[in-house]
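No lab work stands behind these numbers, since they all come straight from the coordinates. Since the model is a prediction, treat every value here as computed from it, not as a measurement. Because the Cβ atoms are built from the backbone with ideal geometry, glycine has one as well, and the counts that use them run over all protein chains shown.
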């Protein structure tokens, strides 16, 4: 895929980009202030206890140390990841089938996700009937499993060590869902069959997202749904990268505190 850079075109977009960054920065500061106030034990003891139940050692992304420059770097990283991992030719390009996507669409997580997708998703819920949730259950359980494992890791002292891997795993499930959701109407991608070995040629069978989106009468919005899922994947991926920085920051801080 050819990438072109037009400096003057970038300058024309620069004011909009700056306004967008400022709005996002303010929004994040408001959310962070809201979380800090909500989890104040004196003012909201119920919310404080509820949050501590899920994150007793304050290791989730809500408790990372954010400065104004780290927030801007996160926004920039999310924007860059979206530019890299989301092809612009959404209607005609085989989404996800290009070199850069091999990180989020790699064979290791793909195989793991697919085992969960078929065995814990379809094989479990499709026994209750061929309804829309039967088709949706594959991606739903595929994403739910790493989220549950991530929540469990937060119960462990030092669980932040696992956050980069688990957040990355979660991001791959959203990315793969986005690829196939955006293809629900076009049916340009070959689909792996339930035996996990054979593939159905493009256009010969309908995928899970075709039946899911058809049920809600939004099949024509398939690419928009796919785009939203892929953006979520890029956001979580950016936090996975940032969690590495947060882990070493806390490790360094703990070492300094032990010295004194």
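Overview of results
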read-out: 141, 24 arranged by Cβ crowding within 10 Å, fewest neighbours leading; value: 24, 141
read-out: Fewest-first sequence of 208, 55 by Cβ atoms within 10 Å of each Cβ; value: 55, 208
read-out: Point-to-point label distance, residue 214-residue 49, nm (Cα→Cβ direction, 7 Å offset); value: 4.9
read-out: Residue exposure sequence - 235, 179, 86 - by fewest surrounding Cβ within 10 Å; value: 235, 86, 179
read-out: Shape box of segment 55-259 [Cα atoms, principal axes, largest first, Å]; value: 65, 37, 30
read-out: Cα→Cβ-extended label distance, 7 Å offset, between residue 106 and residue 228, nm; value: 2.9
read-out: Efficiency of FRET from Cβ geometry, residue 192 and residue 165, R₀ 30 Å, rounded to 0.05; value: 0.80
read-out: Distance in nm between pseudo-label sites at residue 18 and residue 204 (7 Å out along the Cβ direction from Cα); value: 5.6
read-out: Extended-chain gain in nm, criterion 0.36 nm per residue less alpha-carbon gap, residue 151 and residue 253; value: 34.3 nm
read-out: Binned Cα-Cα distance frequencies in segment 114-234 - 5 Å width, integer %; value: 2, 12, 18, 21, 21, 13, 7, 4, 2, 0
read-out: Efficiency of FRET between residue 62 and residue 84 - r from beta-carbon atoms, R0 22 angstrom, step 0.05; value: 0.25
